[in-house]
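Notes to accompany the following structure.
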Amino acid sequence: MDDPYTLAFNVTWPFGRDQWGMRRSLLRIWHKDPRTPGHPDPGSHGDTAGWPWPRLDASEVAYAEFLAGMNNDIDNLADWFPGLSMEQRAGRIKQLFRLHKGHCRPWWRHPRWRFWNWRLCPR
């Protein structure tokens with residue numbers, strides 16, 4: 001089952017620990033994924049906010065599929081990914097795009113800081 005909630009922050013008691021050495025939770029702040037329908041990348045598993053990595057827009061998904069399908073003498077990506085189908089190559093290229101966007105994303109653009117999606121839960 002795909003859960004729309006991700007733990008954004010855990011506020012703990014400043015003193016006292018339990019038997020395993022962990023601090024007791026005072027307040028938990030959960031980020032609820034908005035689940036926008038019609039996402040251009042069906043491989044995102046419902047995470048439209050882009051928590052683990054930034055999501056790709058429709059032009060980036062189309063460009064990744066274009067690169068995966070190119071078979072010419074100059075830029076043949078099939079040589080870089082031997083034995084993979086076009087869908088698998090497109091998935092790898094999309095993952096490279098996500099990693100690059102995540103590396104270049106400023107800290108304030110992470111979905112953790114979208115406070116309008118936060119849900120408070122005591123303990």
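The values are calculated or read from the model by the stated rules, or taken from the named source; none is laboratory data. Just so we're clear, the structure is a prediction, and the values are computed from it rather than from any experiment. Note that each Cβ is placed from the backbone with ideal geometry, even for glycine, and that neighbours are counted across all protein chains shown.
Yes or no, residue by residue, for (1) touching a Ser or Thr at 6+ places or on another chain (Cβ under 8 Å); (2) more than 29 Å from A64 (Cβ to Cβ); (3) at pLDDT below 85:
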| residue | (1), (2), (3) |
| --- | --- |
| P4 | no, no, yes |
| P14 | no, yes, yes |
| H31 | yes, no, yes |
| G43 | no, no, yes |
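Just checking, which of R98, R109, R92, R123 is of a type in the set (K, R), surrounded by 12 or more Cβ atoms within 10 Å (Cβ to Cβ) and modelled with pLDDT under 85?
Being of a type in the set (K, R), surrounded by 12 or more Cβ atoms within 10 Å (Cβ to Cβ) and modelled with pLDDT under 85 holds for just one of R98, R109, R92, R123, which is R109.
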